[in-house]
Structure formats: structure tokens, C-alpha cells
Ligand code: NG6
Ligand code: CA
């Protein structure tokens with residue numbers, strides 16, 4: 001169907017349902033901007049003062065800003081898995097932080113946000129961090145790489161296979177490593193060195209950015225990474241221009257598809273480690289690289305918005321800005337983040353952060369911007385990224401087959417600001433599965449340290465259960481479990497029911 005016809009059908013559907021703006025389409029473009037490791041408190045619209053984020057703030061001002069929105073987990077791979085499949089990642093074996101040579105986690109043929117929107121006529125594209133595995137084991141980086149994004153509903157992709165701090169440090173465009181010289185083949189190994197090339201461990205004097213923990217293996221661009229690689233020299237990325245490269249790819253996708261509905265999954269590398277902003281952001285903040293990559297991220301958001309505006313698409317684009325887990329300060333490189341943090345609170349008023357059972361693990365920034373349909377405001381509805389699959393299906397009129405998106409709930413009324421009501425219950429996955437029931441939060445007993453040694457994150461582990469009333473105590477400081485055993489028992493039982501039931 002051409003865009004004209006889409007607009008015609010959708011306009012009548014919209015009028016019939018009495019939605020405010022007759023310009024709102026039932027097939028709006030959908031742009032999901034997925035920042036990495038950006039905390040609840042890291043942007044101006046969520047209270048940050050030591051970094052300016054005018055572009056993100058502008059989205060928040062013209063859209064709906066959520067205060068209780070969640071990634072499905074406190075780390076990347078499980079959150080991304082849930083976002084795309086609508087299934088809690090704890091149900092999926094192996095859905096944990098993956099090495100760069102891991103096989104594809106989402107099996108081809110499975111309904112994903114991309115395949116669902118593609119079935120509704122959308123052109124679909126993934127740009128940026130993937131971290132959901134590629135190939136079917138022992139991937140040969142010098143050949144066609146499959147399965148990958150193109151086998152689960154994306155028409156095109158330009159991705160980092162895993163993370164910025166994991167090899168291979170190359171971009172994959174559709175099914176091939178971009179700019180690969182076949183005379184210099186790539187090898188990747190996570191078990192040991194492939195040759196006697198210097199590593200971060202053997203030759204720290206070669207590094208421009210030193211690890212604080214881990215990250216002492218193959219050196220690429222003066223930065224040692226996780227894992228070993230050799231060859232592929234022409235294809236290696238440059239950290240300083242990564243944000244520019246990804247933003248350019250994203251804006252070009254928008255420009256090329258302006259005449260039809262499209263879905264852009266734009267997963268930035270910012271603000272994950274290694275934090276290496278373009279030199280033009282070197283003085284953006286006084287917080288060093290961690291602050292400056294927030295400025296760089298904001299610039300990327302600005303580029304997307306500017307392109308949508310130029311194409312006259314902003315009005316009818318449903319743009320969501322969010323993050324894959326909470327913030328972390330020292331995540332493995334000595335980049336001055338801890339020393340220069342000052343009064344900045346990356347996770348806002350919430351305890352913990354990336355990796356943690358506390359709210360800081362999964363409570364993330366979340367802004368919905370769609371001028372034609374969404375009125376500006378603030379929402380305290382409890383929503384999760386796992387809900388986007390079913391909500392987008394409802395929006396675009398796609399029928400999800402039985403079994404697809406088993407944990408995804410239709411939150412469209414809350415997402416569009418038509419209802420204040422979000423989810424009643426939600427699983428937050430970190431070391432254990434915590435449960436939200438309205439404003440109550442239950443963290444079951446868990447093993448493991450209270451504070452993660454290297455990152456200095458409060459993990460929220462305790463040998464007995466914890467119960468918090470987030471309405472009165474958003475910072476999870478008063479454990480009410482001992483005084484309310486009935487509620488603890490009910491919430492523990494509900495967690496087990498959800499775990500066992502598949503929904
Ligand atoms: C950890 C890495 C950390 C980061 C994280 C994944 C070490 C010591 N730490 O294992 O730097 O890469 O994995 O982050 O290697 S995530 O955002 O992709 O989940
Ligand atoms: Ca992350």
C-alpha cells in the first residue's frame with residue numbers, strides 16, 4: 001500500500017474513533033531511539049543540571065514524559081530481547097549479556113516488532129548496537145552472516161555486532177562486514193589471543209584509554225576491548241566518529257523512505273563504554289567523557305528530529321526515546337566518570353543502577369512524541385518496553401498470532417496519554433526477578449554481594465526478601481518486609497505464578 005492510501009484509510013479510522021487530531025495516522029512512522037546505559041536522571045528533562053540535552057528536552061516538552069517506565073531488565077541483551085519479542089527475557093535460555101561471537105538469540109520466524117510492522121507495510125531498519133547474537137555458532141565474519149536482523153523482520157541494518165567494548169570492532173551492513181578487504185580476513189576468539197599482537201594487558205603503554213576492570217584484550221584504536229580479534233584492519237570502526245556514522249545512516253534511511261511508513265530502530269552506542277565522544281564534544285560538560293557522550297547522544301537525537309522535520313514527517317511520527325537499562329558510572333574504563341560526577345545523579349532519586357535489583361536497574365527515561373496524536377504532559381503510568389510489541393500491533397491493526405509476545409500488554413492508551421493507567425504488575429529482571437504491584441516492590445531473597453565490587457553498584461541482593469512502598473519511599477530505603485508478611489507472601493506467590501505461567 002502506498003503512503004497516500006495508508007493515510008486515507010487511517011484518517012477515517014481515526015475520525016471514527018474520535019481521536020483529537022484528524023491528521024493522526026494509524027500507520028505513523030515509528031522511530032525508537034534506544035540509548036545505552038542512559039540513566040533516569042541523565043537528561044535535563046529528568047532533572048540533570050550538569051549536562052544540557054536540549055534536543056531530548058524538546059521531545060519531552062512536546063510529548064509525554066514517563067516517570068515509571070522500565071526496560072525489561074537491568075542489562076542490555078535481555079532488555080533488547082524483550083523489546084523486540086514481547087517476551088520476558090528470563091523465559092529465554094541464554095538471554096544474558098552476550099559475547100561478540102554469540103549465535104543469534106532470536107530465532108528466525110519468530111514474531112518481532114520488526115516482522116510485525118513489516119507485515120503492515122512498514123519498511124524496517126535497525127541501526128546501531130545489536131548485541132542479540134549473529135549467525136548460528138562459529139560465525140565466519142568474512143562471509144554472509146546469517147541469521148541476523150534481516151531474518152527476524154528488518155529489511156536492512158547497519159549494526160555493531162555486540163557492544164563498543166567487545167570485538168569484532170566492525171560494522172555489519174545487512175549480511176556482511178562493511179569495508180572488509182578479503183585479503184585481510186577477520187578472526188574472532190573469546191578464549192585466547194589469535195596471534196602475538198599487543199593486548200591491553202601486555203602493552204598498556206599503547207593505550208589512550210585504560211581499563212579499570214576487564215577490557216584488557218585486543219587493542220583497537222588505542223582502546224583495549226573484551227575478546228580477541230585479528231585482521232579486518234580496513235573495516236575497523238573509529239570510536240570518535242561512531243555517533244556521526246550511525247546518525248548519518250539513520251537520517252539517510254529516513255530520507256530514502258519518506259514516502260512510505262517506516263520503522264527505525266536506532267540503537268545508539270552512546271552512552272556505553274568506551275566513552276569516546278567526537279572531539280567537538282570534548283568541552284560540552286565538566287563531567288568528562290561520561291557527560292560529553294550524553295551531549296553527543298543529544299546531538300544524535302537532534303539530527304533525527306531535524307531530518308523528520310525537513311521531510312515534514314515529524315507531526316505524524318511516533319517517536320519514542322528510551323534506554324536499555326539504568327546508569328553505571330565506572331563500567332570498566334578509567335575515563336574520569338567517578339571523579340567528575342559531582343552533584344550529578346545518573347539514576348535520579350532511585351537506588352542502584354545498571355545490574356541492580358533496585359529501581360535504578362530498570363527505571364529508565366521514556367518519552368513518547370507524536371504531535372498529531374499525543375498531547376504534551378507527564379505520565380506516572382507503569383509501563384515497560386516489553387509492552388511495545390502488542391501496543392504497536394494494536395496501533396497498526398496487526399493481529400499477533402497465538403503465543404507471540406506472551407508478556408506484552410497493550411498499553412496504547414497509557415502510551416498515548418489517553419489513560420493514566422498503566423500496568424498493575426511488572427517483573428523487573430536483574431540478579432533476581434523482582435515484582436512491582438502498583439507502587440509496591442518486592443525483591444526476593446538473593447545470593448551475591450550487596451555492592452558490585454568493580455562498578456560500585458548497590459545490587460539490591462539480600463538473604464531475606466525486601467518490600468518497599470515506592471509511593472512513600474521511591475529510593476527503597478525502608479524495607480517493610482518484616483512488618484507485612486502477608487503482602488510479601490502474596491507478591492512472592494505472584495512472581496512464581498508469572499514465572500511458571502508464561503504470562
Ligand atoms: C560487562 C562489562 C561491561 C559492559 C557490560 C555489558 C566487564 C568487566 N564489564 O561484563 O563493561 O560491557 O558487560 O553492558 O567486562 S550492556 O549494556 O551491554 O549490558
Ligand atoms: Ca546497556
message: From Cα pairs below 8 angstrom and at least 6 apart in sequence, can you work out the relative contact order of the range 273-348, rounded to a whole percent?
response: 36
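Rounded if a/c is under 1.5, else prolate if a/b is larger than b/c, else oblate: which is the range 360-404, with a ≥ b ≥ c the root eigenvalues of its Cα gyration tensor? Let's see the in-between values first.
Working: a/c = 3.23, a/b = 1.28, b/c = 2.52.
The shape class here is oblate.
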- line: Length-normalised contact order of the chain, Cα under 8 Å, at least 6 apart, in percent, tallies to 22
- prompt: Ranked by Cβ crowding within 10 angstrom, fewest neighbours first, how are 213, 269 ordered?
  reply: 213, 269
message: Given 25 °C and 0.890 mPa s, compute D for the chain with the Stokes-Einstein relation, Rh being the Kirkwood radius over Cα pairs; round to the nearest whole µm²/s.
response: 107
- request: Please report the relative contact order for the range 426-501, taking Cα pairs under 8 Å with a sequence separation of at least 6, and give it as a percent rounded to a whole number.
  value: 25
Expected 222 nm ellipticity per residue - DSSP helices of 4 or more, -39500 (n - 2.57), all of the chain, to 500: -6500 deg cm²/dmol
task: For the range 381-431, just say rounded, prolate or oblate: build the C-alpha gyration tensor, square-root its eigenvalues into a ≥ b ≥ c, call rounded for a/c under 1.5, and beyond that prolate if a/b exceeds b/c, oblate if not.
output: oblate
- prompt: So how long is each side of the range 426-501 along the principal axes, counting just the alpha-carbon atoms, biggest first, in Å?
  reply: 35, 30, 19
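Cα gyration tensor of the range 260-392, axes a ≥ b ≥ c as square roots of the eigenvalues: rounded (a/c below 1.5), prolate (a/b > b/c) or oblate?
Numbers: a/c = 2.22, a/b = 1.37, b/c = 1.62.
Oblate shape, in that a/c is at least 1.5 and b/c is the bigger or equal ratio.
Throughout, read-outs are computed from the coordinates displayed, never taken from laboratory work. On a predicted model such as this, the values are computed, not experimentally measured, just so you know. As a convention, Cβ positions derive from the backbone with ideal geometry for all residues, glycine included, and neighbour counts pool all protein chains shown.
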